[in-house]
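Okay, so here's the structure we're looking at.
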Amino acid sequence: MDEFVYDAIKPHAIMVEFLFQGHINPFANLAIGLASKGCTVTYVQTEFIHNQMSQANQNPGFLFSSACGSGLDIRHKTISDGFPLDFDRDLNFDEFFGSIVRDFPARVDELVGRIVETERGRDTSPFLVADAYYTWPPEVAAKYNLVYVSFWPSPAERLSVGYHLALLEEKGTPITYGMYLIFASTYRFIGECHALFALKPNNVPVDNMLDNYKDHIEEITEVVKSKTLGDTIKCSSPRDAPFCPEILIETIMKAHLQSTCTNLAPVSSLIPEVDCLEWLSSKPPCSVLFIAFGSIAPVKKNVIREIAHGLASSGANFVWVLRPDMVIKEENDDVLPPGFQKEIVGRGLIVPWCDQRKVLANPAVGGFLTHCGWSSILESMWFGVPMLCYPVLADQPNNRNMVVCDWKIGMNLCDEQEISRREVEEKIKSLMRSGTEVRMEMKKVKELVHNALAQDGSSHANMNRFLRDLKEKICMMGK
């Protein structure tokens, strides 16, 4: 098709945000990435998430205020999740998430219909962008004849496993609880499946908290199985839309790191942040271990205590994010061991939440004890901070395998089945006092990531290719 025709298309992304912090951050940054390439963006989030974000940041304004102030065309819409703002979604999670699966799609359908109708006759071409963990977008996109872009916030390997579930089952791997159980089980390499990486044994116990949500997970799994794996999907008519969403390739997903060093970054934290920078400024370079286990991962009390004892004995400086809801609720009393706070005075800072990117960017930070969430790994690579790995659930065990075994930019916190304070102390000392090989490899990886995100790097090239394919699809579906 003629280049002039492509250039005349101005895509309008209708972006529907998912419900959790680890999904929101890259999705919000993708919105900035698309707007920076000339797209109009309508960013949709639930009223509850918007309210929580406003309270956490003491700012009732728009999370993209800085970006819009720089001239980007990002608009904001809120939608009810079906519950009042004071409803406890954590305490009543089954009821809440069941409604999201069952009732939320109709509300989104109505909102998308209104936006499409409003845009009719204008010079923009709407398309739908939603998190792949939603199961409704293909049908909504097909109803309004929209191209659907499915945003995958996890590693590409996890998508490959989901796509090849039938092959895994054929080879004897249990999939009772969908793809999550696969990641909590012992991996084995399937030689016939070239799209899969060599899957390694998982030697860290994983809380199978997701068993309670078997039905939801299996529905997501079925949607993943229905998708065609690839960089982008070429579908020739609107009837293909429910089964052929555009899949954002991994290098495009990494673009969410582009805003970490700009003034365009969205204010997207759901939890009030404590400023650690003044405390960090008092510490020598590379002397502080940063400890954080993400926004939802649960950790047992005995694990917290073993880490605390190991920290106390290691002598290392540290910043530790201990969320109020992190420890399993029935064990929520006296999380830290007696006397720990006194023992670490002057060299330890414990906070309920902080801006992880700002902490990792600080020169005082020399290591990162992480649960191996994918966003945390990407941010650690961007800032060049080597990792101590303690995965908790879902894809995290295999993320750890990539960090430790494949890329060699981190170490296991514990090599045994059970965590012990002695091993925690030894691993912290090993990383913070030496860790020469890991630091050298991380330096190489950091350079690769920065090169990929440079103006002439592969990430920009892939984003440009994606937008060209998107415009081609919009033209085809408009016929």
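Just so it is clear, none of the values below were taken in a lab; they were calculated from the coordinates. Owing to the predicted nature of the structure, the values given are computational and were not obtained by experimental measurement. Don't worry about glycine lacking a Cβ; one is built from the backbone with ideal geometry, like all the others, and counts go over all protein chains shown.
So if each residue of separation counts as 0.36 nm, and I subtract the Cα-Cα distance between Leu277 and Asp86, what length gain in nm does that give?
Contour length minus the Cα-Cα distance gives 65.5 nm.
Treat the count of other C-beta atoms within 10 Å as a stand-in for reagent exposure and order Cys372, Cys414, Cys475 from fewest to most. Display every interim value, and only then the final one.
Details: Cys372 30, Cys414 22, Cys475 15.
Lowest to highest Cβ neighbour count: Cys475, Cys414, Cys372.
Classify the stretch 286-358 from the C-alpha gyration tensor, please: rounded if a/c falls under 1.5, else prolate or oblate depending on whether a/b exceeds b/c.
Details: a/c = 1.99, a/b = 1.16, b/c = 1.72.
Oblate shape, in that a/c is at least 1.5 and b/c is the bigger or equal ratio.
Under a plain spin-label model, where a point goes 7 Å from the Cα along Cα-to-Cβ, how far apart in nm are Ser313 and Lys37?
5.1 nm
Within a 10 angstrom radius of the beta carbon, how do Arg102, Arg107 rank from fewest other beta carbons to most? Before the final figure, lay out the partial values.
Details: Arg102 10, Arg107 14.
Fewest to most other Cβ atoms nearby, the residues stand as Arg102, Arg107.
What is the spin-label model distance, in nm, from Asp334 to Glu47 if the labels are put 7 Å beyond Cα along the C-beta direction?
With each label point 7 Å from Cα toward Cβ, the separation is 4.4 nm.
By its C-alpha gyration tensor, with a ≥ b ≥ c as the square roots of the eigenvalues, how is the stretch 277-434 shaped: rounded for a/c under 1.5, else prolate for a/b larger than b/c, else oblate?
Working: a/c = 1.30, a/b = 1.05, b/c = 1.24.
Since a/c stays below 1.5, the shape of the stretch 277-434 is classed as rounded.
Give the shape of the stretch 392-479 as rounded, prolate or oblate, defined through the alpha-carbon gyration tensor: a ≥ b ≥ c are the square roots of its eigenvalues, a/c under 1.5 means rounded, and otherwise the shape is prolate if a/b is larger than b/c and oblate if not. Numbers along the way, then the final one.
Values: a/c = 5.67, a/b = 2.18, b/c = 2.60.
Oblate shape, in that a/c is at least 1.5 and b/c is the bigger or equal ratio.
Could you list the GluC sites (Glu not before Pro) in the stretch 398-478 that lie in coil according to DSSP, counting only those with at most 12 other Cβ atoms within 10 Å of their Cβ? Mind dumping the intermediate values first?
Numbers: sites: Glu416, Glu418, Glu423, Glu425, Glu426, Glu437, Glu441, Glu447, Glu472; in loops: Glu416, Glu418.
Sparse-neighbourhood loop GluC sites (Glu not before Pro): Glu416, Glu418.
Which of the residue pairs Lys408/Lys471; Lys444/Lys473; Lys10/Lys443; Lys283/Lys446; Lys358/Lys429; Lys283/Lys443 have a Cα-Cα distance greater than 28 Å in the structure shown? It would help to have the intermediate numbers written out before the result.
Numbers: Lys408/Lys471 39 Å; Lys444/Lys473 37 Å; Lys10/Lys443 39 Å; Lys283/Lys446 23 Å; Lys358/Lys429 24 Å; Lys283/Lys443 22 Å.
Pairs exceeding the cut-off: Lys408/Lys471; Lys444/Lys473; Lys10/Lys443.
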